[in-house]
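In what follows, a structure is listed as structure tokens, so that the remarks can point back to it.
Derivation of every value follows stated rules applied to the coordinates shown; laboratory data play no part. Quick caveat: nothing in here was measured; it's all calculated off a predicted structure. Heads up, the Cβs are rebuilt from the backbone with ideal geometry, glycines too, and the neighbour counts pull from every protein chain shown.
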């Protein structure tokens, strides 16, 4: 996912920017104070960044993100831009985009938030030492505070990026699971088959209904076979959802055939008192398919009559 | 934490307002990434609830809000009237209650269409129904 | 747009193709107009095409179901065609299954169900 997409996903507009800046207390005077430190930042950038990477490379788990010297040189260059960005005197949407780009890059390589947060603390500590060395205590403290505000602002964006990326991943997975759990097969002209395997909870029941209805209309189906041989438990809820689906299929002008009804399922349905209306039922899928063909005016015959 | 992105208040004064309010809901729901089934569900629920306000209380208002919880978008609609209220709420919600205008089926039915359904009613004072429908993950 | 819905007559079949959103008042007027047309023309079948509906609430569903039953009393069989998946799911979830009313996928199927054969 690129940073543009994150910007949209996080709804980062002028209003959000203003609200977040107010919450993190990133004022114009902070930005001005940091911009005044530009010369200081450029002077110390190499030293700060070197110390920063020394720490990252000294830790086994963070070291693996930097496979070779070239990689280190490259990220150091990027890190320098990022570092100097703190002293640009800006905190506008362009700045946010810049930060989102960094967050997106970290997410891409799988650098988890703990390393990011730990490294950022180190950053702040290093800078505070440099500030105290170069300026009187009062100015150093003010500058450190401004820096802290902007750094925390940055971190909030980075963490939002991680969350947004995860939510997006979960969404994609759920979509994939949905498609896998509600397969619809066209077995013959205008005859659809939906074989159900696994547990049917209320979310899946509603997906089953929606998927099936859309396919009935798309394929102009007249007959729909739902095979529940692979559903381990058919309780009142499952039975009820099947009846609902059947009712909805009828409203579209198609008929439902329920197959895969084993003796335990038949027993449960009757004992629970579930009324099976508006649908044909058969024990096995094979009979269901035969029934659908028969209803459609077709027959399966043996090529050579036996007996 | 649910955050309100936009809010609009629409009066319910005549029968044509049933059409006006549900149209606005349909547009808002479509904008907020609700899928077509969810749009139909929330539009239908709105239609039922606005009609209830008009038929049973002679009028009132609807408040339509676009909401987000940070990861998903949703639509919240609140229907308020100062009508006679509902005496036997439990029975109405079970769908067993039926008047000439099928309030029973309207209320119990719309409840089954949304992700959140809250109702407050006091005989003689009025009724307030709040519904929410959220976009899937 | 809310306006009037034309009632087309093809032989002994009435065709009602509703392409616009119905207000409650228009829905009731429509029911009345259809029944009057059945009486006037002596029709035997009625096809109501609701492809244009992206939602149907219990009010409109009730009018449709009632119209179908009233028409039957007058000797006319009704088929409702073109219901969208979203509408079917919503009605069923509300507990409104419109028992006793016949449905077909589209106009073609609906006419076929009523015993019409359209020459191709």
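Can you divide the C-alpha Rg of region A:204-251 by 2.2 N^0.38 Å and report the result to two decimal places?
Rounded to two decimals, the normalised Rg is 1.14.
Determine the relative contact order of region C:1-75: mean sequence separation of Cα pairs under 8 Å and six or more apart, normalised by residue count, in whole percent.
Relative contact order here is 36 percent.
In whole percent, what relative contact order does region A:35-130 give with Cα contacts below 8 Å and a gap of six or more residues?
Taking the mean separation of contacting Cα pairs over the length of region A:35-130, I get 44 percent.
Order the peptides C:89-95, A:224-230, A:44-50 from the highest to the lowest mean number of other Cβ atoms within 10 Å of their residues.
C:89-95, A:224-230, A:44-50
Cα axis of helix A:14-23 to longest principal axis of chain A: angle in degrees, 0 to 90, nearest 10?
The two axes meet at around 60 degrees.
Please list C:47-58, C:25-36 highest first by mean number of surrounding beta-carbon atoms within 10 Å per residue.
The packing order, highest mean first, is C:47-58, C:25-36.
With N set to the number of residues, divide the alpha-carbon radius of gyration of region C:14-59 by 2.2 N^0.38 Å and report two decimals.
1.21
What shape does region A:2-179 take by its C-alpha gyration tensor, where a ≥ b ≥ c are the square roots of the eigenvalues and a/c under 1.5 counts as rounded, a/b above b/c as prolate, and the rest as oblate?
Taking the square roots of the gyration eigenvalues as a ≥ b ≥ c, region A:2-179 is oblate.
Peptide C:78-84: average number of partner chain Cβ atoms within 10 Å per residue?
Neighbouring Cβ atoms belonging to other protein chains average 3 per residue here.
Just want the ordering: A:65, A:87, from fewest to most Cβ atoms lying within 10 Å of their own Cβ.
Least crowded to most crowded, the residues run A:65, A:87.
Taking the mean number of other Cβ atoms within 10 Å as a proxy for protection, how do you rank A:247-258, A:115-126 from highest to lowest?
Highest to lowest by the protection proxy: A:247-258, A:115-126.
At 0.36 nm per residue, and after removing the present C-alpha to C-alpha distance, how many nm does the segment from residue A:148 to residue A:71 gain when stretched out fully?
Gain on stretching residue A:148 to residue A:71: 24.9 nm.
Angle, helix B:16-31 long axis vs. longest principal axis of chain B, Cα atoms, 0 to 90°, nearest 10?
Approximately 20 degrees, to the nearest ten.
Across the residues of B:43-50, average count of Cβ atoms on other protein chains within 10 Å?
5
Enter the angle in degrees (range 0 to 90, nearest 10) between the Cα long axis of helix A:69-85 and the first principal axis of the Cα atoms of chain A, meaning the one along which they spread out most.
Tilt relative to chain A: about 70 degrees.
Going by a ≥ b ≥ c, the root eigenvalues of the Cα gyration tensor, does region C:7-113 fall in the rounded group (a/c under 1.5), the prolate group (a/b larger than b/c) or the oblate group?
Cα axes put region C:7-113 in the prolate bin.
Please order A:86, A:10, B:75, C:8 by the number of other Cβ within 10 Å, starting at the fewest.
Result, fewest neighbours first: C:8, A:10, A:86, B:75.
Using the 2.2 N^0.38 Å rule of thumb for compact globular proteins, work out how region B:3-134 stacks up: its C-alpha Rg over that value, please.
0.99
State the Cα centre-to-centre distance between region B:12-41 and region A:152-198 in whole Å.
Here the two parts' Cα centres lie 26 Å apart.
Specify the inter-centroid distance of region A:1-77 and region B:107-132, based on alpha-carbon positions, in whole Å.
49
Could you give P(r) for the protein assembly as shown, binned at 10 Å from zero, as whole percent values over all Cα-Cα pairs?
The calculated distribution, bin by bin, is 3, 14, 19, 18, 15, 12, 10, 6, 2, 1, 0.
Express the relative contact order of chain A as a whole percentage, based on alpha carbon pairs under 8 Å and six or more residues apart in sequence.
14
Could you list B:1, C:98, A:155 so that the one with the fewest beta carbons within 10 Å of its beta carbon is first and the one with the most is last?
B:1, A:155, C:98
With 5 Å bins from zero, work out the P(r) of region A:185-295 over every alpha carbon pair and list the percent per bin.
Pairs per bin, as whole percents: 2, 13, 25, 27, 21, 9, 2, 0.
Please average, across the residues of C:21-28, the number of beta carbons from any other chain that are within 10 Å of each residue's own beta carbon, and give a whole number.
So the per-residue partner count for this stretch is 3.
Where in region B:46-65 is the amide nitrogen less than 15 Å from a point lying 7 Å along the Cα-to-Cβ axis of residue B:82?
Those under the cut-off are B:57-62.
Over region A:1-62, consider all pairs of different Cα atoms and compute the Kirkwood hydrodynamic radius from their mean reciprocal separation; express it in Å, one decimal.
Its Kirkwood hydrodynamic radius stands at 15.0 Å.
Taking the alpha-carbon centroid of each part, what is the distance from region A:273-290 to region A:123-151 in angstrom?
Distance between centres, Cα-based: 76 Å.
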